[in-house]
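Colleague: Dropping a structure here in structure tokens format, bear with me for questions.
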Amino acid sequence: MDENPPAWLAQSRANRTGKRPVWTTLECIICGQTEAARPKKWWPEFTYVYCQHHDPGELPELPAGWVRSEYDGIGTRFIGIVDVALPGS
Ligand SMILES: [Zn+2]
């Protein structure tokens, strides 16, 4: 008896375990520069990203009662921003 799985079954198993790269497009909120990047596990859901050479003063103003977090090292040259409304605001 042949113990090898049929070719189609081996193939579908390989597809299930093989990780396919998932790409996302980072786009600077200030100048519109884009870069394709593979999202990292630690990346949160960014409100937006911007090139690290911009002055943070060029960013949209944070509404009162909101908290902003910055994440360096997004892609090759971006900083990620997460703006979150505080509960009760
Ligand atoms: Zn930019």
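Colleague: If you check residue 23 against the conditions, is it open to solvent by 50 Å² or more (accessible area, probe 1.4 Å), at pLDDT below 95, aromatic (Phe, Trp, Tyr) and away from the ligand (no atom under 16 Å from the Cβ)?
Modeller: In short, yes.
Colleague: Now for a different question. I need the full set of residues from segment 29-71 which are within 10 Å of the ligand (Cβ to nearest atom) and either closer than 14 Å to residue 85 by Cα or of a type in the set (Phe, Trp, Tyr) (or both), in order please.
Modeller: Correct list: 50 only.
The values are calculated or read from the model by the stated rules, or taken from the named source; none is laboratory data. Since the structure is predicted, the reported quantities are computational estimates derived from the model, not experimental observations. Glycine also receives a Cβ, built like all others from the backbone with ideal geometry; neighbour counts cover every protein chain displayed. Surface areas here come from the heavy atoms of the whole protein model, side chains and all, with no ligands, DNA or RNA. Shrake-Rupley method; radii C 1.70, N 1.55, O 1.52, S 1.80 Å.
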